[in-house]
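First the structure, in the form of structure tokens, and then the observations on it.
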Amino acid sequence: MSTKIRIGSHVSTRGGFSGAARTSDRIGGKAFQYFPKNPRSLHIKMPDLKDAMACAAYCREQDIVSIAHTPYPVNMAAGLARGESHYRLTVESLMNDLVIAEACGSLGIVVHFGHLNNEDVLLGYQNIIRCMNDVLSSWTGQAKLLIENQAGDHGIMGITLEELVKVRELADYPEKIGFCLDTCHLFAAGQWNVHDTHSLLQKGKDLGYWEHLMAVHLNDSKYGAGSKKDRHARIGQGMIGTKALQELVLSPELAGIPFVLESEKGADGTHREDIAEVLSWS
Ligand SMILES: [Zn+2]
């Protein structure tokens, strides 16, 4: 008995949110990720609600699910390190992303765990929890804040499943928080022995991680295990290898989870080929 794999890729919003959904559909993607606003800035965006609702309607009709990726300057662990107004802007930006994701009918907004330069990890965890509390205290929508594990390229924070589970548990509104697992980051951080995927599955089960997993960034890695390098590779073209990725994708723990490719596009300028490849695994 095989369940259908739900796979897609990160797509451009050049044609609006509804255009992104149609692009995903055109290349065979039943799941996609998009930037709700300019990924390089925290500037608040007034979304085109008509377009967002058209996206939600199209996804409902075509059985497509989506996730939004928050801008790169968001760093929940930074706290007040860059001043009170920068912190406020971070919180408002995340609230803005939630509103847009909700309007688009998305599962949630993906947020990197975050990091503190001086490696004061306990303060970092505190900052993350406070930031999530401030963002979520007034949030009543369905879209969730999805914390993503990191490769370790910015320091030691946020690379283990334990940390993700713990900050969620310690937050005031854990029910509004889920996880997004990046396979490249997990591998590069030395957290996935690809010759023993069973141990990873067991660990996630013991920690209660899988039950709150809502999306996977399905990327291979250009660099080796423990390299701490965040360099995504296409499926079958990296150091993780197809076999281990297959094991993870087909595991019962991840059944029904949307997989999103964040790797280089194929010769046709889309992820069509890689999507078809992953679909052929089931
Ligand atoms: Zn990712």
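For the chain, the residue among 260, 270, 202 whose Cα projects farthest onto the positive side of the dipole built from Cβ charges is 270.
Note on residue 142 and residue 40: the extension gain reaches 34.2 nm, defined as 0.36 nm multiplied by sequence separation minus the Cα-Cα distance.
What you get for the chain, charging only the Cβ of Lys and Arg (+1) and of Asp and Glu (-1), is a dipole of about 540 debye around the Cα centre. Around the amide H of residue 65, modelled in the peptide plane, lie the amide H atoms of 31, 32, all under 5 Å away and 5 or more residues distant in sequence or on another chain. DSSP beta bridges confined to the chain are antiparallel in about 5 percent of cases.
The longest part of the chain holding none of the exposed loop trypsin sites (Lys or Arg not before Pro), meaning those outside H, G, I, E and B in DSSP with at most 13 other Cβ atoms within 10 Å, is 83-282.
Add +1 for every Lys or Arg and -1 for every Asp or Glu among the other residues with Cβ under 13 Å from the Cβ of residue 15, and state the total. Local charge sum for residue 15: 0. Taking a quarter of the surface of the Cα convex hull of region 165-282 gives a mean projected area of 7.6 nm². If you take the Cα centroid of region 155-219 and the Cα centroid of region 253-282, the two points sit 21 Å apart. Normalising the average separation of contacting C-alpha pairs (under 8 angstrom, six or more residues apart) by the number of residues puts the relative contact order of region 7-279 at 17 percent. Counted by neighbouring Cβ atoms within 10 Å, the residues 140, 90 run from fewest to most as 140, 90. Putting +1 on Lys and Arg Cβ atoms and -1 on Asp and Glu Cβ atoms, find which of 151, 66, 217 reaches farthest to the positive end of the dipole of the chain. Positive-most Cα among the choices belongs to 66. Cα extents for region 1-51 along the principal axes, largest to smallest and rounded to whole angstrom: 47, 20, 16.
Radius of gyration (Cα atoms) of region 151-212, expressed as a multiple of 2.2 N^0.38 Å: 1.13.
Modelled label positions at residue 85 and residue 172, each set 7 Å beyond Cα in the direction of Cβ, lie 2.5 nm from each other. Here the Karplus relation 6.51 cos²θ - 1.76 cosθ + 1.60, evaluated at θ = phi - 60°, turns the backbone of region 257-267 into coupling constants of 7, x, 9, 10, 7, 10, 10, 4, 7, x, 4 Hz, with x for every Gly and Pro. By DSSP, the beta bridges lying fully in region 125-282 are antiparallel in about 15 percent of cases.
Scalar couplings 3J(HN,Hα) for region 171-182, obtained by applying the Karplus form with A = 6.51, B = -1.76, C = 1.60 to θ = phi - 60°, are 6, 6, 10, x, 5, 9, 10, x, 10, 10, 9, 9 Hz; x denotes Gly and Pro.
Ordered by the count of other Cβ atoms within 10 Å of each Cβ, fewest first, 129, 240 give 129, 240. When the Cα positions of 121, 15, 244 are compared along the charge dipole of the chain, 15 comes out farthest toward the positive end, with charges on each C-beta of Lys, Arg, Asp and Glu. Pairs to check: 30/203; 166/203; 4/144. Give those whose C-alpha atoms are more than 18 Å from each other in this structure. Over 18 Å apart, Cα to Cα: 30/203; 4/144.
Using alpha carbons only, the radius of gyration of the chain set against its Kirkwood radius gives Rg/Rh = 0.94. Phi angles across region 38-48 convert, under the Karplus curve 6.51 cos²θ - 1.76 cosθ + 1.60 with θ = phi - 60°, into 3J(HN,Hα) values of 3, x, 9, 9, 9, 4, 5, 10, 8, x, 6 Hz, Gly and Pro given as x. Amide H contacts for residue 148 (H built 1.01 Å from N in the peptide plane; partners 5 or more residues away or on another chain; cut-off under 5 Å): 111, 112, 113, 180. Computed over region 1-95, the range of Cα coordinates on each principal axis works out to 51, 35, 17 Å, biggest value leading.
Proximity of backbone amide H atoms, modeled 1.01 Å from N, is registered between residue 213 and 179 at under 5 Å, excluding neighbours fewer than 5 places apart on the same chain.
Read the figures in this text as sums done on the coordinates, not as results from a lab. Note that the structure is a prediction, hence the values are computed from the model and not measured. Here the Cβ is made from the backbone with ideal geometry for all residues, glycine too, and neighbour counts use every protein chain on show.
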